[in-house]
Amino acid sequence: LFVEDEAAILEINKQFLEKMGYSVSTRINGIEALDLFQAESNKFDLVITDMTMPKMTGDVLATKLRAINPDIPIIICTGYSKKMSNELATEIGINAICYKPFSLRDLAKTIRNINTKSPIFCNTI
């Protein structure tokens, strides 16, 4: 499940992930993503979400998703490092943080390494 409020970024990432062989569902905001996840949580192996979105931020979405499925891996993408710290990521169960701008190669590497015990960073600012 890929969640991003900018349609162009959402589509580019969807196409990239599908080329890598993933089946990708997308949503334009956290509320729509939460609704889908509640209805079909067993359908998803990973959630990638933007941090700063209208209606529901990525950290709030992650917390709500964890309440439904505590084992779902979650990657947060953010351009604002002050809003997502390593401590907050650990507290809410984020598996990885991708700081924008990140390359598609960085995203692919992060997805492959998602099963680590503490948050990983797909790049640094």
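A few remarks follow.
- Selection status of residue 96, at pLDDT 90 or above and of a type outside the set (S, T, N, Q): no
- Failed condition for residue 54, given (1) touching a residue at least 40 places away in the same chain (Cβ under 8 Å); (2) in a helix (DSSP H, G or I); (3) surrounded by fewer than 19 Cβ atoms within 10 Å (Cβ to Cβ): (2)
- Among residues of the range 70-87 that are closer than 16 Å to residue 1 by Cα and at pLDDT 75 or above, those with a beta-carbon under 8 Å from a residue that is open to solvent by 10 Å² or more (accessible area, probe 1.4 Å) and polar (S, T, N, Q) at least six positions away or on a different chain give the pairs 72/41; 73/95; 73/115; 74/95; 75/95.
- Which listed residue is of a type in the set (Phe, Trp, Tyr) and modelled with pLDDT of 85 or more, from 44, 121, 102: 44
- Tally, over the range 23-51, of residues that are free of Cβ contacts under 8 Å to residues at least 24 places away in the same chain and assigned to a loop (DSSP other than H, G, I, E, B): 2
The values are calculated or read from the model by the stated rules, or taken from the named source; none is laboratory data. All figures in this text were calculated on a predicted structure; none of them were measured in a lab. Cβ coordinates were reconstructed from backbone atoms using ideal geometry, including for glycine residues, and neighbour counts include every protein chain displayed. The area values use the complete protein model at the heavy-atom level, side chains included, leaving out ligands, DNA and RNA. Shrake-Rupley method; radii C 1.70, N 1.55, O 1.52, S 1.80 Å.
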